[in-house]
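Colleague: Below are the structure tokens for one structure; questions will follow.
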């Protein structure tokens with residue numbers, strides 16, 4: 001579990017440094033004011049995860065638990081999964097990862113975020129955030145370098161991200177990532193597949 005620092009609210013602006021000498025143009029962030037979801041909107045169980053693209057615990061969940069969870073519950077219509085973006089240190093990676101995922105579009109959002117999680121440790125260890133995110137922008141993001149730079153310079157998208165994080169901190173009272181909310185029941189910290197299965201069974205009324 002990674003504790004969120006209040007100064008994370010300034011993180012969205014920090015990502016603009018990734019753009020370098022960017023040119024104008026390129027795609028705007030997609031659905032900038034919305035949370036990103038997978039699965040049937042009418043699913044009986046709603047699983048919400050507050051996660052940061054720079055949180056190592058979130059990355060471990062995304063890479064080791066989420067694929068099986070998605071296959072068993074989301075893809076079968078039993079669970080609606082929603083990711084709520086949060087920003088933790090290093091802020092430039094968290095904000096940059098989320099902005100990039102949105103610029104890639106709704107159909108590639110989770111693929112891009114998965115790639116960010118996979119390369120997260122390498123980027124943190126080397127400090128090569130721009131180079132790492134640019135590689136992801138090209139594949140699986142499908143963006144050119146000019147489009148990537150424009151994405152990182154999108155002040156409106158950065159401000160929208162900052163507003164989402166502020167709401168999650170001040171209104172939702174989230175203090176750590178990952179935090180899960182399963183049909184209204186909050187769990188802080190990573191969840192294993194058995195823990196998720198038990199929580200979902202309870203939410204379905206089978207436990």
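Derivation of every value follows stated rules applied to the coordinates shown; laboratory data play no part. Everything quoted here is computed from the prediction, not taken from an experiment. Cβ: placed from backbone, ideal geometry, glycine included. Neighbour counts: every protein chain shown.
Colleague: Would the range 115-123 turn up any residue that is under 19 Å from residue 65 (Cα atoms), part of a loop (DSSP other than H, G, I, E, B), touching a residue at least 12 places away in the same chain (Cβ under 8 Å) and out of contact with any strand residue (DSSP E or B) (no Cβ under 8 Å at 6 or more places or on another chain)? Don't jump to the end; show me each part of the working.
Modeller: Of the range 115-123, the ones under 19 Å from residue 65 (Cα atoms) are 115-121.
Pick out the ones that are also part of a loop (DSSP other than H, G, I, E, B) and you get none.
No, every residue in the range 115-123 fails to be under 19 Å from residue 65 (Cα atoms), part of a loop (DSSP other than H, G, I, E, B), touching a residue at least 12 places away in the same chain (Cβ under 8 Å) and out of contact with any strand residue (DSSP E or B) (no Cβ under 8 Å at 6 or more places or on another chain).
Colleague: Here's a follow-up. Mind checking which residues of the range 86-106 are surrounded by fewer than 24 Cβ atoms within 10 Å (Cβ to Cβ) and under 22 Å from residue 39 (Cα atoms)?
Modeller: If the condition is that a residue be surrounded by fewer than 24 Cβ atoms within 10 Å (Cβ to Cβ) and under 22 Å from residue 39 (Cα atoms), then 105, 106 are the ones that fit.
Colleague: Counting only residues that are in contact (Cβ under 8 Å) with a residue 12 or more places away in the chain and surrounded by fewer than 23 Cβ atoms within 10 Å (Cβ to Cβ), how many does the range 124-138 have?
Modeller: So the count comes out to 6.
Colleague: Within the range 148-186, count every residue that is outside any loop (DSSP other than H, G, I, E, B), surrounded by 15 or more Cβ atoms within 10 Å (Cβ to Cβ) and touching a strand residue (DSSP E or B) at 6+ places or on another chain (Cβ under 9 Å).
Modeller: Number of matching residues: 11.
Colleague: Out of the residues in the range 39-54 meeting the condition of being over 10 Å from the mean Cα position of the chain (by Cα) and touching a residue at least 60 places away in the same chain (Cβ under 8 Å), tell me which one is surrounded by the most Cβ atoms within 10 Å (Cβ to Cβ). Walk me through how you get there before you give the answer.
Modeller: Applying the first criterion (over 10 Å from the mean Cα position of the chain (by Cα)) to the range 39-54 yields 39-48.
Next cut, touching a residue at least 60 places away in the same chain (Cβ under 8 Å) only: 44-48.
Numbers: 44: 14, 45: 19, 46: 17, 47: 26, 48: 20.
In this case the residue turns out to be 47.
Colleague: Within the range 57-79, does at least one residue satisfy the condition of being crowded, with 23+ Cβ neighbours inside 10 Å, over 18 Å from residue 193 (Cβ atoms), within 14 Å of the chain's Cα centre (by Cα) and in contact (Cβ under 8 Å) with a residue 40 or more places away in the chain?
Modeller: The answer is no; no qualifying residue exists.
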